[in-house]
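Undergrad: The structure follows.
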Amino acid sequence: MCDVCARKGPSRRTLMFAGAGMLAATQFGGAAQAQPARAASTPDEALKLLVAGNARYVANQPQQRDFSAGRASRALGQAPFAAILGCADSRIAPELAFDQGAGDLFVVRVAGNFVTPDGLGSLEYGAAVLGTKLIMVLGHHSCGAVNSTVAALQKGNTLPGHIADLVRAMKPGIEPTLMQPGSDLEQRAVVANVQYNVNRLKTATPILAAMVAKNEIGVVGGVYDIATGKVNLV
Ligand SMILES: [Zn+2]
């Protein structure tokens, strides 16, 4: 069972104590010393690592990786430095786009990269228990979920099956862009969707809002350019 699945079992308080126990074990020695170390200790450091990793990816100069190295350590625990709320789109793989290895990123993906109750719970777990220092909401150009929502708002049509639920959930973040002037509606909708969900995470009580207020975690937005691989902060 993965760590996220575990939240359906013991309470968050229990998990937090478990996390504290692991930290104590690390401080006082023993086998836990072999657990992975977090690559960043502040939101700013975490963002710098993502930006630098994306630059390597854009330049097609990723770090050489030995995928077996560190497996024994990761079997003992995880210490991801950042979380990504990304789209399910097959063209945007966060670990590749930010040139990170196993254990570095805590990734939640859903078509349209918007906040759902389960996704929020996952990100809270990443922040409060695993210690992620940054959450990036990562949108992208040519997003089918965003375009479908724009079309549904313009035409008033209903999409089949549960796709309709997805579009309905995304409407509040995108609808204001239809009232604004400009021909680049698709791009504005992508950015608006990212910013709306950044704000949702920053104000999500009781966990994330309190951690943001204490600068224990940062929340930023990014838009991935499929043609270049570059992530621009928005
Ligand atoms: Zn998408």
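Values quoted throughout were computed directly from the atomic coordinates according to the rules given, and no laboratory measurement underlies them. Everything numeric here is computed off the predicted structure, so don't read it as measured data. Cβ: placed from backbone, ideal geometry, glycine included. Neighbour counts: every protein chain shown.
Undergrad: Using only the Cα atoms of the chain, what do you get for the radius of gyration and for Dmax, in Å?
TA: Cα radius of gyration and Dmax of the chain are 18.6, 62 Å respectively.
Undergrad: Moving to a separate point now. Distance between the C-alpha centers of the stretch 134-171 and the stretch 207-233? Whole Å please.
TA: So the separation of the two Cα centres works out to 20 Å.
Undergrad: For the stretch 55-129, just say rounded, prolate or oblate: build the C-alpha gyration tensor, square-root its eigenvalues into a ≥ b ≥ c, call rounded for a/c under 1.5, and beyond that prolate if a/b exceeds b/c, oblate if not.
TA: oblate
Undergrad: Straight-line reach from Lys214: which lysines have Cα under 25 Å away, leaving out those fewer than 8 places along the same chain?
TA: Partners within reach: Lys48, Lys133, Lys202.
Undergrad: Relative to the present Cα-Cα distance, how much length would full extension add between His141 and Thr158 at 0.36 nm per residue of separation?
TA: 3.8 nm
Undergrad: Using amide H atoms built in the peptide plane, which far-off residues or other-chain residues are under 5 Å from Arg109 H to H?
TA: Amide H neighbours of Arg109: Gly86.
Undergrad: Could you size up the charge dipole of the chain around its Cα centre, putting +1 on the beta carbon of Lys and Arg and -1 on that of Asp and Glu, and report it in debye to the nearest 20?
TA: 360 debye
Undergrad: For Ile135, what residues show an amide H to amide H distance below 5 Å, using hydrogens built from the backbone and excluding near sequence neighbours?
TA: Residues meeting the criterion, in which the H sits 1.01 Å from N, are Ala83, Gly218, Val219, Val220.
Undergrad: Still on this structure: Sorted by average packing, counted as other Cβ atoms within 10 angstrom per residue and highest first, what order do 36-46, 120-130 take?
TA: Ranked from most to least packed, the peptides come out as 120-130, 36-46.
Undergrad: Once label points are set 7 Å from the Cα along Cα→Cβ at both Thr42 and Thr116, what is their separation, rounded to one decimal in nm?
TA: With each label placed 7 Å out from Cα toward Cβ, I get 3.6 nm.
Undergrad: Label point 7 Å out from Leu96 along Cα-to-Cβ: which residues of the stretch 56-82 have amide N under 18 Å?
TA: Under 18 Å, as judged by backbone N against the label point of Leu96, lie 56-67 of the stretch 56-82.
Undergrad: I'd like to know which of Gly121, Pro160, Ala102 lies farthest towards the positive end of the charge dipole of the chain, counting +1 on Cβ of Lys and Arg and -1 on Cβ of Asp and Glu.
TA: Gly121
Undergrad: OK, next. Grab the Cα-Cα distance for Ala69 and Lys230, subtract it from 0.36 nm times how many residues apart they are, and report the gain in nm with one decimal.
TA: 55.2 nm
Undergrad: Would you mind calculating the gained length between Ala151 and Met179 on full extension (0.36 nm times residue separation, minus the Cα-Cα distance), in nm to one decimal?
TA: Separation in residues times 0.36 nm, less the Cα-Cα distance, equals 8.7 nm.
Undergrad: What list of ³J(HN,Hα) couplings, whole Hz, do you get for the stretch 100-115 from phi and the Karplus terms 6.51, -1.76, 1.60, once you set θ to phi - 60° and write x for glycine and proline?
TA: 10, x, 4, x, 8, 10, 9, 10, 10, 10, 8, 3, x, 5, 10, 7
Undergrad: Given a cut-off of under 8 Å on Cα pairs at least six residues apart, what relative contact order in percent is computed for the chain?
TA: Reported as a whole number, the value is 21 percent.
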